[in-house]
1. Treating cross-link reach as a plain straight distance, find the lysines whose alpha-carbon is under 19 Å from the alpha-carbon of LYS617, omitting any fewer than eight places away in the same chain.
2. Can you give the extra length, in nm with one decimal, that the chain gains between GLU568 and GLU426 once fully stretched, where that is 0.36 nm per residue apart less the Cα-Cα distance?
3. What is the distance, in nm, between label points placed 7 Å from the Cα along the Cα-to-Cβ direction at LEU76 and at HIS302?
4. What's the center-to-center distance, using Cα atoms, between the stretch 380-437 and the stretch 277-353 in Å?
5. If I model a spin label as a point 7 Å beyond the Cα along the Cα-Cβ vector, how far apart are those points for LYS591 and THR317 in nm?
6. Sort 608-617, 312-321, 566-575 by packing, meaning the average of other beta carbons within 10 Å per residue, with the highest value first.
7. What dipole magnitude, in Debye to the nearest 20, does the stretch 127-238 give about its Cα centre under +1 on Lys/Arg Cβ and -1 on Asp/Glu Cβ?
8. Evaluate the relative contact order of the stretch 14-134 (contact order divided by residue number), counting alpha-carbon pairs under 8 angstrom at least 6 apart; express in whole percent.
Amino acid sequence: MQLDYKAIVERVLDALIVVDREARIVYANPAVGFFGYTPEELIGKSVFDFIPEEYRDNAKRIYGRYLESKEKHSRLEIQLPDKNGKLRWVDVVISTIEEHAEPKLAIMEIREITEIKKILKELEESREMYKTIFEAFPDFIGIIDREGRIISANENFLMVSKLSEKDVIEKSVFSFVHPKDAEKALKLFKSALETGSIVRDRIRAIIGEKEFVLDVSGRFIVSKNFGIIVSKDVTESVRLEKEICEREEFFEKILDSSVSGYLILEDGKIIYANRAAEKITGYSKEELMDKSVTILLEERFHERLKEVESRILNGETFTGVTRTLRKDGKIRYAEVFGVPLDYKGKRFVLLSFEDVTEKRAVEKKLEEREELYRNLIESSHTGIFIIQKNRVIYANQKTSEILGYTLEEINALKHPYDIVAPEFRELTKQRYMARERGEDVPEGYEVKVITKDGKEKWVKVLAKRIKYKNEPAVLVNIADITKLKEDEEMLKRMNKLLRVSGEIKDMLLKEKSEYLIFLRVKDLLEKLDAECGIYVGENGVPLYVPPSIKGLLKSPGIHSSVFQQKVEDCYLIFLPIHDKDFPGTIVLRKKEPFTEEELKVIESIAKDISMRFKALKIEREREIAYRTIIENLKQFEELADRLRNPLAIMKGYIEIRKEVGDGEALDKVQMQIDRVERILDELRFREIATFELKKILENKNYRNNNSSDSAT
């Protein structure tokens, strides 16, 4: 059948504009309505009047190249204002129609891509690499080093080149460039290397056994010392451009140059398909002609297709995404637009469609990655939040658990760093400001924070500069280390207390005076950041008591064991020294109380002092007993000397009894015997006393040994 191509063109959804050599608009289809204009409002005006000033010079330059036959086909993305002045992103494909080998008209196919731009922007925020890849829509992708050697190549390139990855790696990218374009390719490479910007041009290439025309985009990531090349096969497009110039029908050329697939249906059968439809479906035009459109869909969608076709024939329009079936059996996704097309009194169905498989895959991966990161962050055992421009813009649940504040409550504060303890606040704020400016500051440090209920907590902070929504921000991880800090502090205090306890034990072994022991103990206990007072005697007579204790305590009282009590804003700890002859009480004053474990050590110190006092008493008693024994031994010697005298007298009287008479001799002897008995009685008393001292010493020695064992 003979088609009315003008009717088709005026029903397509993409705006089509034709301009002459003076850049005046000579034709515009109704689809320009999405800019707010009618075709009549545009025809006769210069196309440059509708291009923003920032793009105008470049547009004129490109158009000048068309007039000089230096350019026949190009594609660019720019922002164009609608009738209300609102800027819209559009994809513009420009082709020329020549007459007598000279450009006569330029055809501009304009498609709004504002939503696509929005999606690309979101992808750019997710990862810089995505930005680089999607700024140049990929066919062949290669990563090269600064020498132009291939580091990696995608599957499409390997498939077309019929080379393995091993054969491609380390191969020069210039080995695939057509000799006639070698100089242009080298210039493009150097520009990318020197500027670090994206460069783009068309390069002829020989890949495998075929010659290609590639739309090459590239950029060097200077910090990583590698470049990315994205090459789109535009060989077919170049061929189509040539065919368009040769065709007689103006509007047929327009449709065949479209990047979207177009199908016209009559009674469910395909009666027209453009080149893009061939590429998307995998079928040639000849294979599609007079075939049911159901060959492009899975069987389960056939009934749905009939319903949609019926609605379009009834005047409705259709927009949606559907699964399509390529000739090779692969499932693809296409965004489909359907409108009724009236031609010669008969209504047809006009379908335009675009392959969005890669776009859907990217969106799905992005959603899955966002979900994964969200789950990881929300289930983290550390608090995670982001600060940007002095505002907390995100915080996970663990952050609220640690600080006690919700995100809204933190932002209600004058500054989010108000939750940091005053002594750390300025340091933390300065580090945040420096980090957001990009300066090098330590990533990890420890600070105190004040929770919502006023409690102090220690947190370990790990902060890192990031980009969030294309602006600098700081990602912060915090972990509650309060218990760890308390344990560390307690360990330090206990070690210090044990050192003081050891010093007291050493001192007790050397000192012999209770008074000196009290004073030395006072000095050593004051190393525990405490003030020390000494009371002696049962009535608690002050030996040394500082004013700070004297003002709180009139008398220490009598206590059976160590205990502490809070008095006003401090704590008093009482160490009773139990000794019958030298009792006393040591009183400590501290701002912070001792723990139960620390009080056990204090109790052992008090017991050591009490035992030492008892040991000193035993030592003194032993010295007294020793001196008494020595004295008795001297007395024994004197008594022995005294016994020798009366014995000698008795012996003399016995020898002279005949001269003085027995009676007188016996009287004299009796006198000496009485004297001896008295001396013997005294000697027996001394012997009993010495024996009693011996028993006392043995008993004291036994008790002293038991006491030493108990102390040990």
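We did not get these values from a lab; they are worked out from the coordinates using the rules stated. Owing to the predicted nature of the structure, the values given are computational and were not obtained by experimental measurement. Neighbour counts run over all protein chains shown; Cβ positions are idealised from the backbone, glycine included.
1. LYS505, LYS510, LYS512, LYS580, LYS607, LYS694, LYS695, LYS700
2. Details: separation 142, 0.36 × 142 = 51.12 nm, distance 3.36 nm.
Roughly 47.8 nm would be gained on extension.
3. Taking the simple label geometry, LEU76 and HIS302 are separated by 4.9 nm.
4. When both Cα centres are located, 55 Å separates them.
5. In this crude label model, LYS591 to THR317 measures out at 7.7 nm.
6. Numbers: 608-617: 19.2, 312-321: 13.0, 566-575: 16.0.
Order by mean packing, descending: 608-617, 566-575, 312-321.
7. It works out to roughly 280 debye.
8. 23 percent
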